[in-house]
Amino acid sequence: MKVGILGAGMSGLSCAFFLKQNGIGFEVLESENEYGGLCQSIRNDKGFTFDKAGGHIFFTKDTEVKKLVNSLVKNLLTVRRNTKILFKGRFVKYPFENGLADLSPEDNYECLLEFIRTLNEKYEKSKTFRDWIYQTFGKGIAERYMIPYNTKIWNCPPETMDTFWVDGRVPKPPVEDIIKSAIGISTEGYTHQLNFQYPETGGYQSVPEAFYEQVKDKVLFNYKVQKVEQQDGKWIVSDGKTEKVYDEIISTMPIFALQNAMTLPVKVNDAISKLKYNSIIMVLLGFDYPEPTDMHWLYIPEMSTPTHRLIYLKNYTLKSSPDGKTSIISEITFNEGDEISKLSDKQVVENIVNDLHDRKLIDKTKLSYSRVCRTKYAYVVYDLNYTNSIKIVNDYCESLPLYLCGRFAQFVYINSDGCIVNAKQVTDKLLSTKNIMPKPLQEINSIL
Ligand SMILES: Cc1cc2nc3c(=O)[nH]c(=O)nc-3n(C[C@H](O)[C@H](O)[C@H](O)COP(=O)(O)OP(=O)(O)OC[C@H]3O[C@@H](n4cnc5c(N)ncnc54)[C@H](O)[C@@H]3O)c2cc1C
């Protein structure tokens, strides 16, 4: 059996790794001349290393995935999160509900009071993300942080978004924690991400690199999949020049790339066309001064600045910039047609540098490096059409079967650890249809 894997990001490389562990033949087809997809980094450009598609850290709730990544990636540092939110010029501890004592007494009081009011309300199950925010945190926290920040990062009003992805996953904060937070007794909030890992050198791309090293003889670069079709029980894949034949296909490339490559029923085409996503601009800046903060990242909910998050990579690893220098990354979510999408890279840098300088977050007179990276498919947006549309797509792919794996292939909001989890599930499912018993991850880990 030979499996064609479309895309060499975290998902494609993980699928390849698991098939190899089970002794199954495969080939990975990648359109770019580089592996890693969204986990790619710009390495050592004038001494600076940056992640290209958003600030990345490794954390997972899955202990076997953590073991796997830690045995393959040799240079992971473990770092304790120190993250803040910039609110009315104050640096508020993250998550916001755990940092109420950092607010002015008036803001603190209103956040506390409005949270306590939610405890006496009998709500119907919230239908939109906006309702969920108000019901979970109360008006004070909602209007100061949750609504503006989420409007910025999702680039759409929270009332147009579904709740299934937060409901149950983000619990209502215990009243004890909110009271402690308001009077200044330390509480941590989301502890699963309290300690994260990051490669000492090479940026986050060192994570997919470790998987790539295991399968590299079977990865074909510069192969842009343009046609995928089923013929006589086989899959034919083409880049317009060379045809490939496989017994099974796992697609990890964005669902829109698959849509372009296949002739799909109208209903499936329509469903894919309704799926919403956001793009991201990363403004990478280097400075001729030592790192002035001890933060890892800073959320900026204020609507008056385009940046929604700043990343301080020097505090992840000292090797991300030369001695005596530091860097900062500004992340901006956008959609095609937004004002920022019409600006040249030079104009984007000018706007962001001036804005951050005016807010005293950088000193622009010491700027020595700048670069802009734009990523089209960055965030899956769970709008109110999502559940219907994705079901139509999944039902169709399962009927073929064509296996989907990954953030934009499955169209799910997963991180790189989720790509590994899903790659294991998808390859297990594929093997089980061939009556092959897949090796459990514990067994794979025990021999690495
Ligand atoms: C802003 C941001 C912040 C993030 N932060 C984190 C974080 O902190 N921690 C974390 O773990 N994860 C984070 N993630 C998520 C992580 O980047 C993704 O979950 C992961 O990289 C997705 O991998 P993938 O292989 O599914 O998809 P991709 O990385 O998109 O890989 C798909 C691959 O398919 C290739 N391809 C596309 N079209 C074709 C074609 N026609 N033919 C052949 N190949 C094709 C692409 O070039 C790419 O290599 C973040 C993502 C973003 C955008």
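Some points to look at:
- The set of residues in segment 424-448 that are within 23 Å of Lys2 (Cα to Cα), in contact (Cβ under 8 Å) with a residue 60 or more places away in the chain and not in a helix (DSSP H, G or I) comprises Lys434, Ile436, Pro438, Lys439.
- Qualifying residue in segment 265-272 (condition: within 30 Å of Tyr396 (Cα to Cα), β-branched (Val, Ile, Thr) and within 11 Å of the ligand (Cβ to nearest atom)): no
- Residues satisfying the criterion are present in segment 120-143 (criterion: in contact with a Cys (Cβ under 6 Å, 6 or more places away or on another chain), under 18 Å from Phe96 (Cα atoms) and not in a loop (DSSP other than H, G, I, E, B)).
- In segment 286-343, the residue that is surrounded by the most Cβ atoms within 10 Å (Cβ to Cβ) out of those that are of a type in the set (S, T, N, Q) and under 18 Å from Ile153 (Cα atoms) is Ser330.
- Of the residues making up segment 213-266, those that are among the aromatic types (Phe, Trp, Tyr) and within 27 Å of Tyr277 (Cα to Cα) are Phe221, Tyr223, Phe256.
- Matching entry among Tyr223, Tyr212 (being within 27 Å of Asn44 (Cα to Cα), within 14 Å of the ligand (Cβ to nearest atom), assigned to a loop (DSSP other than H, G, I, E, B) and at pLDDT 95 or above): Tyr223
- A residue that is under 27 Å from Phe59 (Cβ atoms), hydroxyl-bearing (Ser, Thr, Tyr), within 16 Å of the ligand (Cβ to nearest atom) and buried (at least 20 other Cβ atoms within 10 Å of the Cβ) cannot be found anywhere in segment 354-376.
- Test: Glu114 is more than 14 Å from the ligand (Cβ to nearest atom) and either part of a strand (DSSP E or B) or surrounded by 15 or more Cβ atoms within 10 Å (Cβ to Cβ) (or both): yes
- Listed by position, the strands (runs of 3 or more DSSP E) enclosed by segment 3-106 that each have at least 3 residues that are away from the ligand (no atom under 12 Å from the Cβ), under 23 Å from the mean Cα position of the chain (by Cα) and in contact (Cβ under 8 Å) with a residue 12 or more places away in the chain are 48-51, 76-80, 83-87.
- Residue ID - farthest from Pro171 (Cα to Cα), chosen from residues in segment 188-205 that are part of a loop (DSSP other than H, G, I, E, B) and not hydroxyl-bearing (Ser, Thr, Tyr): Gly202
- Taking the conditions (1) surrounded by fewer than 18 Cβ atoms within 10 Å (Cβ to Cβ); (2) in the same structural domain as Tyr403 (by TED's automatic domain parsing) in turn, Trp235 satisfies each one other than (1).
- Hey, Phe164 within 23 Å of Thr63 (Cβ to Cβ) and of a type outside the set (S, T, N, Q) or not: no
- Taken over segment 383-423, residues that are surrounded by 14 or more Cβ atoms within 10 Å (Cβ to Cβ), within 15 Å of the ligand (Cβ to nearest atom) and assigned to a loop (DSSP other than H, G, I, E, B) amount to 11.
The values are calculated or read from the model by the stated rules, or taken from the named source; none is laboratory data. This is a predicted model, so every value here is computed, not measured. For neighbour counting, all protein chains shown are included, and Cβ atoms are generated from backbone atoms with ideal geometry for every residue, glycine included.
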